[in-house]
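Take a look at the structure below.
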Amino acid sequence: MRRMGFQKGLFWGIVILGQTAFGQPAEHLVISEIRYYQHSGVNEEFVELYNPTSKPVSLYNWKLMYKSKTGTSWKTKVVFSSKHIIRPHGFFLWGGDAVRTRPDTVETEASKIGLGNSGGHIALVDPNGNTVDKVAWAGGDSPEGSGDAGKNIVEGGSLERKAHANSTASSMSPGGEDFFSGNGYDTDQNWNDFVVHNRFAETNPQNSQSPPEPEWIEPFGKGTSLIYPAKVKALDTLLCRLVIYPEDSEPIYGIRLLLPAYWEWSFRQEDLELQGSSFPSANVQFSQDTLSFLDFTLSSSDSAVILLHHVIAPPVAGKDTFSIWVANAPGNFLPISSPVVEIEPNVIPISLLHRNDLQGIPLSPLGIGAWVMISGIVTVGYGTFSSQIYVQDQTGGICLYSLETPTPLALGDSITVQGTIGQFRGMTELHPDWTTLVIHKKNCPGPRPKIMTCNEVNSAFYPDGREPDEGRLIRILYVTYDSETGTIGDETG
């Protein structure tokens, strides 16, 4: 009996050891790297997510929540409201504007990240409110498992999830044997799942544009796709024509089409037209931003033509992919090489640049870093407010700010310019590329100031996040000036 008892005890000891030291790769999104202790005055805290699975995951309505070291409540830090998708073995990055890898979601104010240097927690929560992953550090009292992920990291260091049980800080650092092995190790024990990087050079935050780790080769279906036109201008309304051909004599029994984020289309039957020998009889299903075409057979001598009427291109320049899957066997959809559309800059209304989330950060697709083109009349010339220049069209105004000295623009200049969207202390700016500047005419009559009250100015940030009067030329009537406080007022406030 004693011998059997000893064997049973040894057996269970091995099982527990196996779970702890040789945990399986996670089958869900994980928090893969955290910097909670930034260099003094540098907005470089971040949280990196990793998808260790073989399927893409949409982050729509997922959120990150924070709890202090010994706090009793959780606070939402960010809700991913745009259509971000983490590829298989891919990454997503949320962080400050000084993180050396550009975050997919940027916070320009360090206080909006605010991960406690002396201890805290971050949790990844799915749209149903389920905590999918949680990490505590530096004595956080609610870790995943029996201990936190690490403590006493130096300024600019990080905590990184292991690739496997034997990963070390050295092997996970640039040049290490696990550097490209992903971050899928998960035993549900924070203390066992992370390594501590105590040198800034060891950290490696990755975003959605970083290559997948380990390298992921997705199985492909048999088919070829084309799109017309392949080049459009921002905010163009157009007819999109997609053509799908069978490949290698493999018939196609179904097609799925995913429209890129921020392309607008009605998803109505009257704006859809199908052409081909057998394809027009397809059963069409609409689901959010995806069209499914079922119950047809496309032979090697046939093609499927999808005409989307009244499609509106997004307002930003760039390249977008119309993702296509085909079923070479009924019900088994696999991706094929999908067509890409290039979006060229086009003049957009300035008012579109003043749409923010509830934290005041410009919303995608017109988020920080997006490339746009505007036209308008200069309302504040170069030198009036140092290097700041203000431009206004019929819809709104915007500050142009650049460290490079432009051709001095004067009040009344009619211009067109391209640049990237930025933000400074809560104010949306355009960082112009002066090589794109066109001065159409000088000494143009300026826009008439909008008459506003002090109360209206103080309420300029709307509940839905819009700031339509930011950067606009205004006039306030019958004001008084308080020299002690340096403020003005009228009868409204």
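Among Ser402, Ser375, Ser364, which is in contact with a strand residue (DSSP E or B) (Cβ under 6 Å, 6 or more places away or on another chain), among the polar types (S, T, N, Q) and assigned to a loop (DSSP other than H, G, I, E, B)? Step through it out loud before you land on a result.
Values: Ser375 fails: assigned to a loop (DSSP other than H, G, I, E, B); Ser364 fails: in contact with a strand residue (DSSP E or B) (Cβ under 6 Å, 6 or more places away or on another chain).
Checking each option against the conditions leaves just Ser402.
With respect to Val372, is the statement that it is buried (at least 21 other Cβ atoms within 10 Å of the Cβ), touching a residue at least 12 places away in the same chain (Cβ under 8 Å) and under 30 Å from Ser266 (Cβ atoms) true? Spelling it out, Val372 is indeed buried (at least 21 other Cβ atoms within 10 Å of the Cβ), touching a residue at least 12 places away in the same chain (Cβ under 8 Å) and under 30 Å from Ser266 (Cβ atoms).
For segment 83-123, filtered to residues that are surrounded by fewer than 16 Cβ atoms within 10 Å (Cβ to Cβ) and of a type in the set (Ser, Thr, Tyr), the residue that is farthest from Val42 (Cα to Cα) is Ser118. When residues in segment 302-344 are screened for being within 14 Å of Lys222 (Cβ to Cβ) and either of a type in the set (A, V, I, L, M) or not assigned by TED's automatic domain parsing to the domain that holds Arg256 (or both), 7 of them pass. Within segment 90-102, the set of residues being modelled with pLDDT of 90 or more and within 21 Å of Arg425 (Cβ to Cβ) comprises Trp94, Gly95.
Tell me whether segment 196-218 contains one or more residues that are among the hydrophobic types (A, V, I, L, M, F, W, C) and part of a loop (DSSP other than H, G, I, E, B). Steps first, answer last, please.
Filtering segment 196-218 down to residues among the hydrophobic types (A, V, I, L, M, F, W, C) leaves 196, 200-201, 216-217.
Adding the requirement that they be part of a loop (DSSP other than H, G, I, E, B) leaves 216-217.
Yes - at least one qualifying residue is present in segment 196-218.
Somewhere in segment 152-163, is a residue among the acidic types (Asp, Glu) and assigned to a strand (DSSP E or B)? First the steps, then the outcome.
Step one: list which residues in segment 152-163 are among the acidic types (Asp, Glu), which gives 155, 160.
Of the ones still in play, those that are also assigned to a strand (DSSP E or B) are 160.
Within segment 152-163, one or more residues are among the acidic types (Asp, Glu) and assigned to a strand (DSSP E or B).
From the list Thr395, Thr384, the one residue that fits, being within 28 Å of the chain's Cα centre (by Cα) and either farther than 16 Å from Pro349 by Cβ or not in a strand (DSSP E or B) (or both), is Thr395. Among the candidates Arg256, Arg241, single out the residue that is surrounded by fewer than 17 Cβ atoms within 10 Å (Cβ to Cβ), among the basic types (Lys, Arg) and either in contact with a strand residue (DSSP E or B) (Cβ under 7 Å, 6 or more places away or on another chain) or at pLDDT 95 or above (or both). Result of the check over Arg256, Arg241: Arg241.
A quick yes/no check of all residues on (1) touching a helix residue (DSSP H, G or I) at 6+ places or on another chain (Cβ under 7 Å); (2) in the same structural domain as Leu235 (by TED's automatic domain parsing); (3) of a type in the set (A, V, I, L, M, F, W, C):
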{"residue": "Ile361", "(1), (2), (3)": "no, no, yes"}
{"residue": "Gly376", "(1), (2), (3)": "yes, no, no"}
{"residue": "Phe385", "(1), (2), (3)": "no, no, yes"}
{"residue": "Ile389", "(1), (2), (3)": "no, no, yes"}
{"residue": "Ile398", "(1), (2), (3)": "yes, no, yes"}
{"residue": "Ile421", "(1), (2), (3)": "yes, no, yes"}
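Considering only segment 285-304, state which residues are in contact with a strand residue (DSSP E or B) (Cβ under 6 Å, 6 or more places away or on another chain), in contact (Cβ under 8 Å) with a residue 12 or more places away in the chain, assigned to a strand (DSSP E or B) and surrounded by fewer than 17 Cβ atoms within 10 Å (Cβ to Cβ). If the condition is that a residue be in contact with a strand residue (DSSP E or B) (Cβ under 6 Å, 6 or more places away or on another chain), in contact (Cβ under 8 Å) with a residue 12 or more places away in the chain, assigned to a strand (DSSP E or B) and surrounded by fewer than 17 Cβ atoms within 10 Å (Cβ to Cβ), then Thr290, Leu294 are the ones that fit.
The values are calculated or read from the model by the stated rules, or taken from the named source; none is laboratory data. Quantities reported herein were computed from a predicted structural model and do not represent experimental measurements. Every residue, glycine as well, gets a Cβ built from its backbone with ideal geometry; the counts of neighbours run over all protein chains shown.
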